[in-house]
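Engineer: First, the structure itself, so that you have it in front of you.
The values are calculated or read from the model by the stated rules, or taken from the named source; none is laboratory data. What you see is a predicted model, and the numbers here were worked out from it, not measured in a lab. FYI the Cβ positions are ideal-geometry reconstructions off the backbone, even for glycines, and counts take in every protein chain you see.
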Amino acid sequence: MNQAKRLTDTKRDQTHPNLRPRDAATLILVDRSGATPKVLFGRRHHSLKFNPGKFVFPGGRVEPADKRMPTASPLDAHAEARLMRRVTRPSRDKARALALAAIRETFEETGLLLGKRVDPMPAVPDGPWSAFAKAGVLPDLATLHFIARAITPPRRPRRFDARFFAADANAIVHKVEGVVGPDSELVELVWLPIAEAKQLELMTITQVALDELEARVAKGFGHDLPSPFYRMLNRKFVRAEL
């Protein structure tokens, strides 16, 4: 099925106020060390109001501290340019913050730190980023691939302007134990082949992002590959390339 049509066909409650989408970022980790690439999923706690029990990629909203976090390397030029397209106030700082949000959210939900070990460690913002300082790790933005962008349709209970990033599993340099468990937002982490992951009960946009990732991996996982942008126009989802 056409990706935009798949999104359009999904039935949702559209009786909510038309909220402004919030900037958000998601990270898909890909293990390409074997013959079959695998992706990392987390299963959400069954008691959560939003998508309880669903398998998801880690992600969430951009926070103010993300703009102040130092990095080991800048974004790839292709990713940076596409992140600044079709936005009201494009800036390198915003593009950088989106990528950092994906890395921070991945740590907060999985305990995994992506980046490079450095010494000495520069000052970092308080909060979740302090775990990176404790481990001597700086985020390595050059490892991130900008996979896709999608805006939640109008009149949904939550709306996000989400950027989907991907990174190879070898970008993981440290793990904080105890983040995932029976009382956490994510109760388990699983590495699954893409074909197997498609059989899970996933959110529609997660399925779409997985398809985009699969196509990208098949083409060599290069930074120069296009990044699609999904949004609703005239009550239909459309797919454009950034």
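Engineer: What are the residue pairs meeting all of these: first residue in the range 155-184, first residue among the β-branched types (Val, Ile, Thr), second residue in a loop (DSSP other than H, G, I, E, B), Cβ atoms under 7 Å, and 6 or more apart or on different chains?
Structural biologist: Val173/Gly115; Val176/Gly111; Val179/Gly111; Val180/Gly111
Engineer: Still on this structure, I have one more. When you look at Ala102, is it within 21 Å of Ala142 (Cα to Cα), buried (at least 18 other Cβ atoms within 10 Å of the Cβ) and not basic (Lys, Arg), yes or no?
Structural biologist: Numbers: within 21 Å of Ala142 (Cα to Cα): yes; buried (at least 18 other Cβ atoms within 10 Å of the Cβ): yes; not basic (Lys, Arg): yes.
Yes, satisfied.
Here's the yes/no breakdown for (1) out of contact with any Ser or Thr (no Cβ under 8 Å at 6 or more places or on another chain); (2) modelled with pLDDT of 95 or more; (3) in a helix (DSSP H, G or I):
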| position | (1), (2), (3) |
| --- | --- |
| His78 | yes, yes, yes |
| Arg82 | no, yes, yes |
| Val87 | yes, no, no |
| Ala101 | yes, yes, yes |
| Arg104 | yes, yes, yes |
| Phe107 | yes, yes, yes |
| Leu113 | yes, yes, no |
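Engineer: Just checking, which of Asp93, Asp126, Asp140 is of a type in the set (Asp, Glu), more than 23 Å from Glu201 (Cα to Cα), in contact (Cβ under 8 Å) with a residue 40 or more places away in the chain and out of contact with any Gly (no Cβ under 7 Å at 6 or more places or on another chain)?
Structural biologist: Values: Asp93 fails: in contact (Cβ under 8 Å) with a residue 40 or more places away in the chain; Asp140 fails: out of contact with any Gly (no Cβ under 7 Å at 6 or more places or on another chain).
Sole residue among the options that is of a type in the set (Asp, Glu), more than 23 Å from Glu201 (Cα to Cα), in contact (Cβ under 8 Å) with a residue 40 or more places away in the chain and out of contact with any Gly (no Cβ under 7 Å at 6 or more places or on another chain): Asp126.
Engineer: Considering only residues of the range 1-33 that are modelled with pLDDT of 90 or more and not in a strand (DSSP E or B), which is surrounded by the most Cβ atoms within 10 Å (Cβ to Cβ)? Explain how you work it out, then say what you get.
Structural biologist: Start the filter on the range 1-33 by keeping residues that are modelled with pLDDT of 90 or more, which leaves 22-33.
Then drop every residue that is not not in a strand (DSSP E or B), which leaves 32-33.
On the way: Arg32: 13, Ser33: 10.
Ranking the candidates gives Arg32 first.
Engineer: Check Leu210, Leu200 and return the single one that is closer than 28 Å to Gly53 by Cα and either assigned to a loop (DSSP other than H, G, I, E, B) or among the charged types (D, E, K, R) (or both). Full working, then the answer.
Structural biologist: Numbers: Leu210 fails: either assigned to a loop (DSSP other than H, G, I, E, B) or among the charged types (D, E, K, R) (or both).
Answer to the check: Leu200.
Engineer: Which numbered condition in (1) surrounded by fewer than 16 Cβ atoms within 10 Å (Cβ to Cβ); (2) closer than 30 Å to Phe237 by Cβ; (3) of a type in the set (A, V, I, L, M, F, W, C) is the only one that Leu186 fails?
Structural biologist: (1)
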